[in-house]
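Peer 1: Starting off with a structure, shown below.
Any read-out appearing in this document is the output of simple, stated calculations on the displayed coordinates, not a laboratory observation. This is a predicted model, so every value here is computed, not measured. Quick reminder, even Gly has a Cβ in these numbers, built from the backbone with ideal geometry, and neighbours come from all protein chains shown.
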């Protein structure tokens, strides 16, 4: 099972919402669609969900058009809370499960399982509107996956969740991935994306800035993030060749290098002064990469 | 089909369980109960002691006082006392009023009512009516007719027999038939008006809320927009019919049980005065009106962005409904005006006006059929049209005029 989006374009009267988008999301992996507001993430999701027809391009599922995939095999978590406020949590989940073709009997067991997993068992009979934002988000998530979809689309699943609940959600997403669900999700939170996704697509104003494995994106820039702790002054570090930028955070210096090759001479220069408490060289974080890509596209 | 049933029953049962539905149904039932118990209730408030006492000082030297008949509200007594003494009794509150009758120069009756306090309107009218009758009888009496002749004049009534000579035209209805149909048509118009007014906003709010909360996206991504639209329309219609059935059923039970079935007889007399054709048309117009307005409500609900905007979007439709209703009211006094003829073909008002024309005027039935067809075609047209942009409209959150939104929605639906 693979979702292949090829040359996907959606234009509205006066603007191009999605412009020649290409990506592949495979079984057993989590695919991240990343972009600022208005980048075209939701429009892309809507085309996969068959809510909007593409202007051109194709969306294929296991070699066939996505339309061949039964709607009951798709799970969708919209960006905003899509729940009935006056409905009890359990009824809500039963409704959404039945809407995707499952029977009451089958659902009961799964509802128990998921409510327990998300620590919502005591809220089973509560009206949805009485739940906290985070709990509502968890109910929403259960509603999107209660029917065991083969393709799960999550639009900003982490919004409104505290770190503990975000952790629960991550675990759930990973276990679904292991069971073979193809998962696509969008997020502003790059740390979540970095942690969960293997492949991503960076979107800006409908255009894909990058599509592929995160590690490939990182390799484009190389390991240019250098963190140093030792008896050095900022001035001293700044004078080293290849240092583009320097920031100080407590006793740590974060150096941005012009290229990965600069690291070795810097190490040698610093080692002359004796013991180095910390010297770590890393790739740019996804957040930094994203900012660079977006800024690069603006230029 | 399964998903339609799921969505339909969810829409129906959710709304059935809302407090507002239960409360309005209960209030309407209490209203009905009060209506049927009105004679009893009004008795509680107007006790026997409140009967108005009017003394008649008859100075006509004729038995004029005998023309006045006491009722539950007013008791007339003939007084032998001179009227200034009787006036004192009125001032002391022993009598409520003094009616002085005398003879005018031209032989008619002169009546003067002296009371301590101003009278209530109903009593005033009652006395005026009695004085008018007494005057007529008094004048006749002055003509020295015998009692048989008097009876004949008083009880004279004539029925105008009508025959329509042109064979192609519909057979003329009697004025009694027309009057019955007018009353029933007015009731039909009122029911349509009230029901549409309340259910229009119910369906619009439901759809607007689903759109606003993005539930719509989940629903239409798991089934088709048509199924969603139809499930909401029929869910609401069924809810309306449920309330209607509860009210009609209770009204009939009440009519049978209270006042020894007096109202039951009245209702069956009223219904007996209707032709089967009229009844069928009235029911069809009623059902189609509900369908049309529910569909309009659904479309409007899909076009607004937030539930709060529903009221504003509803304005033009409410206006249309009001126009129809007020024209229907104007038809109570004269159902043959040009205005009524025109609006009886306009699909949005036809259902409130056409039944009145069918029952209360002598028009050919093909006209009713034409109007019904126009209404039906409008519904089909609106349905087909709304399907073209429903999918898009539930995904647009842009602001702007409805025309702009519809255009955008059609664009999105492609």
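Peer 1: Separation between the residue A:105 and residue B:20 pseudo-spin-labels, each 7 Å from Cα along Cα→Cβ, expressed in nm?
Peer 2: About 3.9 nm, to one decimal.
Peer 1: Using packing as a proxy for protection, rank B:16-29, B:184-197, B:349-362 so that the peptide with the highest average count of other Cβ atoms within 10 Å comes first.
Peer 2: B:349-362, B:184-197, B:16-29
Peer 1: Let me ask something else. Can you give me the angle between helix B:276-303 and the longest principal axis of chain B, using Cα atoms only, in degrees from 0 to 90, rounded to the nearest 10?
Peer 2: 50 degrees
Peer 1: Next up: Report, to the nearest 10°, how far helix B:83-92 tilts away from the longest principal axis of the Cα atoms in chain B, using its own Cα long axis and a range of 0 to 90°.
Peer 2: Helix B:83-92 sits at roughly 50 degrees to that axis.
Peer 1: Using only the Cα atoms of chain A, what semi-axes does the equivalent ellipsoid have when each is the square root of 5 times a gyration tensor eigenvalue? Give whole Å, largest first.
Peer 2: They are 42, 25, 16 Å, listed from largest to smallest.
Peer 1: Can you give the average number of partner chain beta-carbon atoms within 10 Å of each beta-carbon in peptide A:93-99, as a whole number?
Peer 2: Mean number of neighbouring Cβ atoms from other chains: 4.
Peer 1: Quick one: work out the % antiparallel among DSSP beta bridges in chain B, nearest 5.
Peer 2: Restricted to chain B, the bridges split so that about 40 percent are antiparallel.
Peer 1: Add -39500 (n - 2.57) for each DSSP H run of 4 or more in chain A, then divide by its residues: what number comes out at 222 nm, to the nearest 500 deg cm²/dmol?
Peer 2: The helix contribution divided over chain A gives -10500 deg cm²/dmol.
Peer 1: Mind giving me the nanometre distance, one decimal, between the label points for residue A:238 and residue A:16, set 7 Å out from Cα along Cα→Cβ?
Peer 2: 4.3 nm
Peer 1: May I ask for the distance between the Cα centers of the range A:91-115 and the range B:1-50, given as a whole number of Å?
Peer 2: Rounded to whole Å, the Cα centres lie 35 Å apart.
Peer 1: Another question, then. Sort A:23, B:385 so that the residue with the fewest other Cβ atoms within 10 Å of its own Cβ comes first and the one with the most comes last.
Peer 2: Ascending Cβ contact count within 10 Å gives the list B:385, A:23.
Peer 1: Test of understanding: in a Gaussian network model of chain A with alpha carbons linked when under 10 Å, which of A:25, A:172, A:271 would top the mean-square fluctuation ranking?
Peer 2: Of A:25, A:172, A:271, the most mobile in the Gaussian network model is A:271.
Peer 1: I've got another one for you. Assuming R0 = 56 Å, can you tell me the calculated FRET efficiency for the pair residue A:259 and residue A:68, based on Cβ-Cβ distance, to the nearest 0.05?
Peer 2: So, using R0 = 56 Å, E works out to roughly 0.70.
Peer 1: Now a separate question. How far is helix B:175-212 tilted off the main Cα axis of chain B, in degrees rounded to 10, range 0 to 90?
Peer 2: 40 degrees
Peer 1: For the pair residue A:287/residue B:404, report the inter-label distance in nm, with labels modelled 7 Å from Cα in the Cβ direction.
Peer 2: Between residue A:287 and residue B:404, the simple spin-label model gives 3.8 nm.
Peer 1: If neighbour count is taken as other Cβ atoms inside 10 Å, put A:294, B:304 in order from fewest to most.
Peer 2: Starting with the residue having the fewest Cβ neighbours, the order is A:294, B:304.
Peer 1: How many angstrom separate the Cα center of the range B:224-291 from the Cα center of the range A:215-272?
Peer 2: So the two Cα centres are separated by 83 Å.
Peer 1: Same structure, new question: With r defined as the distance between the Cβ atoms of residue B:125 and residue B:27 and R0 fixed at 45 Å, what FRET efficiency is calculated, to the nearest 0.05?
Peer 2: Here the calculated transfer efficiency is 0.90.
Peer 1: Then there's this: Set the Förster radius R0 to 60 Å, insert the Cβ-Cβ distance between residue B:44 and residue B:148 as r into 1/(1 + (r/R0)^6), and round the FRET efficiency to 0.05.
Peer 2: Working from the Cβ atoms, E equals 0.85.
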